[in-house]
Every structure is written in structure tokens, then in C-alpha cells.
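What follows is a single structure, written as C-alpha cells, with notes after it.
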Amino acid sequence: MNAVEKCVEITEEIIELAKSTSANRDEVIRDVERLLDERSEWVSRIKKPFSSEEQINGKKLIALDQEMTNHLKKIKMDIQRDMNGLERRKLSAERYANPYAATEQLDGIFYDKRK
């Protein structure tokens, strides 16, 4: 198996993993990271000149790479949305626990400048 075919195979595995993020996201992310590291090693092994079969697989790899990037962006957006929701819940809990914290500022104090 040449390097281009191996990259196509690994990219297809990454896409399948990225599609199944509804399961355990931490395990999926760990597996995707491992596969991305392995894929980067195989990409570095791709050398010119390319045979006609490698050129066909290369075009397929480019299309799969775009699809993989879209799926990974979706995972990233889901993580960011979860983090933002967690931050909002944290702020809401703090406001509920101490509703007058915002009024503890030195707002509205009058200083008399006369002697």
C-alpha cells in the first residue's frame, strides 16, 4: 500500500469517527488526534513523481480532506457552544448566590471638595 492510499484510508476513518460524535466525545477526540498524527506521518511520505493511480487517489484525498475538515469544524463548534453554555451557567449561579454583588461598587458617592 502506497502513502496516498494509506492517507485516504486514514482520512475515511477520521470522517467515520467524526460523524459518530454523539457517543463519547472524549474518546472520539482522542482517537481522531491519534489518527491525525498517523496521517501526518503518511502525508510526509508522499513523494513525486505520481503514478496515474496515485493521482486519482490524490484527488479523492483532497475531496475527503475537505469533508474531514468540515466535520472537525463541527466538533469544534459543539465544544465551543458547550463551553459558552457552561460559562453562562456559572455566571448565572454566581448572580443567584450573590445578587447584590454588582451594587458593591463605589458608584454614586459624592465627594465634597470644599474646605
Net charge, S44 excluded, C-beta distance under 14 Å - Lys, Arg +1, Asp, Glu -1: +2
Under the 7 Å Cα-to-Cβ spin-label approximation, R25 and S44 lie apart by a distance in nanometres of 3.1
Once E94 and Q80 are pulled to full extension, the length gained, defined as 0.36 nm per residue separation minus their Cα-Cα distance, is 2.9 nm
With only helices counted (DSSP H, runs n ≥ 4, each -39500 (n - 2.57)), the per-residue ellipticity at 222 nm for the chain, to the nearest 500, works out to -26000 deg cm²/dmol
Sort the range 1-41 into rounded, prolate or oblate with this rule: let a ≥ b ≥ c be the square roots of the eigenvalues of the Cα gyration tensor; rounded if a/c is under 1.5, and if a/c is not under 1.5, prolate when a/b is larger than b/c, oblate otherwise. oblate
Quick one: if you stick a label point 7 Å off each Cα along the C-beta vector at E13 and L36, how many nm between them? 1.6
Determine the sum of side-chain charges near N84: Lys and Arg each +1, Asp and Glu each -1, restricted to other residues whose C-beta is under 14 angstrom from that of N84. +2
Most mobile listed residue (K76, K90, K60) in the chain, GNM with C-alpha springs under 10 Å: K90
When a/c is below 1.5 the answer is rounded, else prolate if a/b is larger than b/c, else oblate, so apply that to the chain with a ≥ b ≥ c taken from the square roots of the Cα gyration tensor eigenvalues. prolate
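Taken together, the values in this text are just the output of simple stated rules run on the coordinates, not laboratory data. Computed from a prediction, not measured in an experiment: that's the story for all the values here. All Cβ positions, even for glycine, are placed from backbone atoms using ideal geometry, and neighbour counts span all protein chains on display.
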